[in-house]
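Input: a single structure, listed below in structure tokens.
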Amino acid sequence: MNILGVELNNKEAVICIISFEHGLFNVKECRTRGIGTNTPETSEGMQHFQFQFKKLIEDYKIDKIVIKQRHTRGKFAGSSNSFKMEAAIQLIEGANVELITNNEIKDNLKHNPMEYSMKDLELRQFQEQAFYTAYTYALSLNKSE
């Protein structure tokens, strides 16, 4: 199973792809570390973002997209652009999308600490949350098997 972990910020979807089989995960090489939009306020900008995301899903045969949920209000609230990007991803035909809360990720890492650094996994530090999002989903699959 190929899982795409996503962390959304104001102008970009930071991504990490992992494959998960028989309780083992593997970080997959990807042509990009993030898909952005320079004009999230226009419909053309969002359509271009959605097209790029759909192409990535097809090219890497993604089975599940897991997005780190953002707060809707308060000091750490997600930007309006990040919610537009989330909607664009969710509206991709055939996309299997799930949201995972920050608390789920923290709880998962508490009970299943990582033995590797992002550098060991050949990921950039800014991809850490996207990786942890995919990793949390993969471990939830392992528990249900």
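The values are calculated or read from the model by the stated rules, or taken from the named source; none is laboratory data. This one's a predicted model, so the numbers in the text were calculated from it and none came from an experiment. Methodologically, a virtual Cβ is constructed for each residue, glycine included, from the backbone with ideal geometry; neighbour enumeration extends over all protein chains shown.
For the range 33-46, a tally of residues being outside any loop (DSSP other than H, G, I, E, B) and free of Cβ contacts under 8 Å to residues at least 12 places away in the same chain returns 3.
If you go through the range 36-55 and keep only what is crowded, with 20+ Cβ neighbours inside 10 Å and under 30 Å from Tyr116 (Cα atoms), you end up with just Phe53. Among the residues of the range 32-47, is any at pLDDT below 95, in contact with a helix residue (DSSP H, G or I) (Cβ under 9 Å, 6 or more places away or on another chain), farther than 22 Å from Gln125 by Cβ and among the hydrophobic types (A, V, I, L, M, F, W, C)? Checking the range 32-47: at least one residue is at pLDDT below 95, in contact with a helix residue (DSSP H, G or I) (Cβ under 9 Å, 6 or more places away or on another chain), farther than 22 Å from Gln125 by Cβ and among the hydrophobic types (A, V, I, L, M, F, W, C).
Are any of the residues in the range 60-76 loosely packed, with under 14 Cβ neighbours inside 10 Å, basic (Lys, Arg) and within 18 Å of Ile3 (Cβ to Cβ)?
Here is the first cut: in the range 60-76, the ones loosely packed, with under 14 Cβ neighbours inside 10 Å are 61, 63, 71-76.
Right, trim to basic (Lys, Arg) and you get 61, 73, 75.
After this cut, where a residue has to be within 18 Å of Ile3 (Cβ to Cβ) as well, the list is 61.
Yes; the residues of the range 60-76 include at least one that is loosely packed, with under 14 Cβ neighbours inside 10 Å, basic (Lys, Arg) and within 18 Å of Ile3 (Cβ to Cβ).
Among the residues of the range 87-137, those that are closer than 21 Å to Gly23 by Cβ, over 12 Å from the mean Cα position of the chain (by Cα) and surrounded by 16 or more Cβ atoms within 10 Å (Cβ to Cβ) comprise Glu104, Ile105, Asn108, Leu121, Leu123.
Restricting the search to the range 48-88, which residues are among the β-branched types (Val, Ile, Thr) and at pLDDT below 95? So that I can check it myself, show each step before the final result.
Here is the first cut: in the range 48-88, the residues among the β-branched types (Val, Ile, Thr) are 57, 62, 65-67, 72.
Residue satisfying the conditions is Thr72 alone.
Restricting to the range 13-32, what's the tally of residues that are acidic (Asp, Glu) and either assigned to a loop (DSSP other than H, G, I, E, B) or buried (at least 22 other Cβ atoms within 10 Å of the Cβ) (or both)?
Here is the first cut: in the range 13-32, the ones acidic (Asp, Glu) are 21, 29.
Those still in the list that are either assigned to a loop (DSSP other than H, G, I, E, B) or buried (at least 22 other Cβ atoms within 10 Å of the Cβ) (or both) too: 29.
Selection size over the range 13-32: 1.
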